[in-house]
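What follows is a set of notes on a single structure, which appears directly below.
The values are calculated or read from the model by the stated rules, or taken from the named source; none is laboratory data. Bear in mind that the values here come from a model prediction, so they are computed numbers and not experimental data. Methodologically, a virtual Cβ is constructed for each residue, glycine included, from the backbone with ideal geometry; neighbour enumeration extends over all protein chains shown. Side chains included, ligands, DNA and RNA excluded: accessible areas come from the protein's heavy atoms. Shrake-Rupley method; radii C 1.70, N 1.55, O 1.52, S 1.80 Å.
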Amino acid sequence: MAERIGIFGGTFDPPHLGHLILAECAVSALNLSRVLFVLTADPPHKRDHTITPITHRLPMIERAIAGNSCFELSRIDIDRPGPHYTSDTVRLLHEQFSDAQLFFLLGGDSLHDLPTWHDPAAIVAHVTLAVMRRPADHVEISQLIAQMPNVAGHFQFVDAPTIGISATQIRERLHAGHSIRYQVPEAVIMYIQQHRLYV
Ligand code: ATP
């Protein structure tokens, strides 16, 4: 049987429990052997705010996924020049893991925005979308299929608790001097404190 691999792309600025819960629930719901965390070095859609340098985001994601034998870091978007379009990332991973069945993990907010991404049909051609709902994410599957017919049959929801944590809100809490304990892994909090990030 083909290996079943999850691809989980993000800026992870910083990684939080919402990310880890999504990945873990996807492993169990979809029977994945592993999840590749694809740290996006230069995300085309997030050029409106300053992103923490990769030299900090990389050690944070390494700390966040350490200890889970199903979680791996993929350097695919770190070792090639940007901008990093998901369609290219997915195509390259499809070439790398040509015998595997690939699942692209994403939150409901990202699914809603998918039609605005670069070449979204090419993304769905190579993967099954595995979606975890987010509070107030406005997912309209019939509307999405009307816009992108190849989503039909390449899509499923991941059964998981809805988690109202976002990296934006974590950055805002840190900036305001509020606690992020229990929302971000302990080892990542220690890294953030050591390097005085998001102050
Ligand atoms: P930001 O607030 O900076 O936009 P984020 O918290 O959405 O960041 P990203 O790194 O942009 O984190 O997200 C990577 C992926 O994880 C996206 O597909 C996003 O939808 C998903 N995701 C993030 N947080 C959650 C959550 N709490 N529940 C479900 N999916 C999530």
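Some values worked out for this structure:
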| quantity | calculated |
| --- | --- |
| Some residue of the range 90-97 being of a type in the set (A, V, I, L, M, F, W, C) and within 13 Å of the ligand (Cβ to nearest atom) | no |
| Residue within the range 45-57 that is closer than 28 Å to residue 135 by Cβ, open to solvent by less than 10 Å² (accessible area, probe 1.4 Å), within 15 Å of the ligand (Cβ to nearest atom) and assigned to a helix (DSSP H, G or I) present | yes |
| Some residue of the range 72-85 being part of a loop (DSSP other than H, G, I, E, B), within 14 Å of the ligand (Cβ to nearest atom), in contact (Cβ under 8 Å) with a residue 24 or more places away in the chain and surrounded by 17 or more Cβ atoms within 10 Å (Cβ to Cβ) | yes |
| Residue that is within 15 Å of the ligand (Cβ to nearest atom), more than 30 Å from residue 192 (Cβ to Cβ) and more than 16 Å from the chain's Cα centre (by Cα), where the choices are 175, 138, 154 | 138 |
| Failed item, numbered, when residue 98 is tested on (1) closer than 26 Å to residue 4 by Cβ; (2) polar (S, T, N, Q); (3) part of a helix (DSSP H, G or I) | (3) |
| Every residue from the range 1-13 that is open to solvent by less than 20 Å² (accessible area, probe 1.4 Å) and more than 9 Å from the ligand (Cβ to nearest atom) | 5, 6, 7 |
| Pairs with Cβ under 7 Å, 6+ apart, first in the range 8-21 and among the acidic types (Asp, Glu), second more than 6 Å from the ligand (Cβ to nearest atom) | 13/51; 13/52; 13/57 |
